[in-house]
Structures are given as structure tokens and as C-alpha cells.
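All remarks here apply to the structure that follows.
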Amino acid sequence: MEDDQRAKSLRIIKNSLMIILGSAINAFGIDAFIKANKLAIGGFSGLGLLFNYSLHIPIGAFIFIANIPLLLISWKIWGKKYVLNTLLGVISSSISIELLSSLVIDFADPIMSSVYGGLFAGLGIGIVMRAGGTTGGTDILAQICHKYKGTSLGSFYLVFDTCVMISVAVIYGLKVTLYSLVIVFISSQIINYVVDGLDSGKQAFIISERPELIGDYIKNNLHRGFTYINGTGGYQGRERRVILCVVPRWQIFKLRQAVTEIDSNAFIIVSTAYEVYGQGFRKPN
């Protein structure tokens, strides 16, 4: 029991430090590249940038103040634990953005600012999310709309960010908007990679007349486990042994080529397994 409590405490400390680190990296991307070149990003950070450009309101102060009513609503809906997890991200993001506000890395070509701004902002948010945290803002609004209106999270983010980009276009013109869209795209891809990519693998279902040979290849050449699943063909009604296995992304090409060589008529279904835990992959936290 004592060891379990210690492990839990260490996990909380580790996740808290990751949230703080991720918030600082996100702030670096916003201050050094996005704000320094008068560009924008989605979410509450994007709104904060617009208010900063137009009314000179500090971005960190805007993010913190705008999140207060959302945190109070969240406390009522989801309770103290949810708010505490979110509060650390909100506070560390707000403070980091203000502490790094004097950083300026100005490129002659704005596309470089867009690329690096999106990279660091996405990396930071991805680390925060991977640690189980959030920087509040649109995350809270999206979950509230999902709970009471049934709106999907992805649809809400898309609509909200679209509104921010339309505002950017109206105020600062199409050129700034296009550069800002590059930031939004890159940051979203980096977030997906950080949150899912490190643990992702490829899941393969293989239907073949020679399942034993394919199983031997997976075991002896790829050094991976697999499972035989008994199935019945829907067209001919024949009993078949279906192979289910999960391999790292870089091994799927070898597996696909080997299956084709062993049985050119094999039926293969490959999909992405976003989180894979266990022997040969990442251990659960």
C-alpha cells in the first residue's frame, strides 16, 4: 500500500513537471515566433494575441482571466479534481507567456516563423496533454458543448479556430491569415504525434491459407507476438485462422512484404493502433 502511494505521488509530480515544461515550450513558440511576427494561432491563445495586438492586453493575463468563469463552471459540473488538473496548465501557461514575452526571433521570411511557431506551440501543448493536463480555454468550452449539446470535440475546435482565423483575416488581411493557418496545421499535427505517435503502432489482421508460415515469420523474424483467431468466411462459410498482431510502424512494411511473398492471395487489413502497451512496447504509466 505504501509503495502504491509513493508511486502515485511520483506520478503526480512527474505529470505536474511535464505540464509546466509543456506550457513553457508552448509559450516560447507563441512569444518568440508567433507574437514576434504579428501572426496568430487558434484557441484562447489566438484570441489573446488578437487582444494584445489591438488593445495591448497582456496575453497571459487575458488567458488567465478568461479561464476563471470556465473553471468555476467546470468545478460545478466535474468537481475539484478536474479543475485542479486544468488550473496548473492555465497558471503555468499564463505565467510562462508573460515571462518570455520579451523573446523575439524575427525571420526575414514569415513562413519560417509560422513553421517554428507551430512546431514549438504544438510540442508544448502535446506534452501538456500527454501528462493528462490542459491549458483550459477551448478545451473546457468544447467539453461543455459536448456534454449539453452533443457537439463533437473536433467540430467545436474547427468552428472556434475558424472564427479566430476569420477575425484575423478581417483585421490583418489574407496574407497574415495564410501564414497563421500554417501555424494551426503544423501545431495540430505535432500535437497528434506527441500524444499518439510515441505509443502508436500498426495493427494487422491477416487472413491466409498459410497462417502457420506467416506466424513463424512474425515470431522468428520480427520477434513479435501474435494471436490466432478462429473465424468463419462469410462468403464460402469456411473455417479460417485469422492472425492478429501489432508491430511498430517501421515493421509493417516488412510484414506486408513477407505476407505477400508467403501467400499472394492473403487478405490484409492494416490500421493504426494509437496506444500500444505491453511487452515490446511502452509500459503503462
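The values are calculated or read from the model by the stated rules, or taken from the named source; none is laboratory data. What you see is a predicted model; the values in this text were computed from it and never measured. Note that we place each Cβ from the backbone using ideal geometry, even for glycine, and neighbour counts take in every protein chain shown. These accessible areas exclude ligands, DNA and RNA; they are computed on the full protein's heavy atoms, side chains included. Shrake-Rupley method; radii C 1.70, N 1.55, O 1.52, S 1.80 Å.
If I ask for residues that are part of a loop (DSSP other than H, G, I, E, B) and without any contact (Cβ under 8 Å) to a residue 40 or more places away in the chain, which ones from the stretch 131-170 would you list? Break it down into steps so the answer makes sense when it comes.
Of all residues in the stretch 131-170, those part of a loop (DSSP other than H, G, I, E, B) come to 131-137, 150-152.
Hits for the stretch 131-170 are Gly150, Thr151, Ser152.
Starting from the stretch 236-262, keep only residues that are under 14 Å from Glu212 (Cβ atoms), then list their pairs with residues that are open to solvent by 100 Å² or more (accessible area, probe 1.4 Å) and in a loop (DSSP other than H, G, I, E, B) whose Cβ atoms are within a distance under 7 Å, requiring at least 6 positions of separation or different chains.
The qualifying pairs are Ile262/Arg210.
Would you confirm, using the coordinates I've provided, whether Asp4 is among the acidic types (Asp, Glu) and open to solvent by 80 Å² or more (accessible area, probe 1.4 Å)?
On the way: among the acidic types (Asp, Glu): yes; open to solvent by 80 Å² or more (accessible area, probe 1.4 Å): yes.
For Asp4, the condition - among the acidic types (Asp, Glu) and open to solvent by 80 Å² or more (accessible area, probe 1.4 Å) - is met.
Out of the residues in the stretch 105-122 that are open to solvent by 60 Å² or more (accessible area, probe 1.4 Å) and part of a helix (DSSP H, G or I), state the one that is farthest from Asn37 (Cα to Cα).
Out of the qualifying residues, it is Leu119.
Only one residue in Ile30, Ile63, Ile41, Ile57 is outside any helix (DSSP H, G or I), modelled with pLDDT of 90 or more and crowded, with 21+ Cβ neighbours inside 10 Å. Which one? Walk me through it before giving the result.
Working: Ile30 fails: outside any helix (DSSP H, G or I); Ile63 fails: outside any helix (DSSP H, G or I); Ile57 fails: crowded, with 21+ Cβ neighbours inside 10 Å.
Every option except Ile41 fails the conditions.
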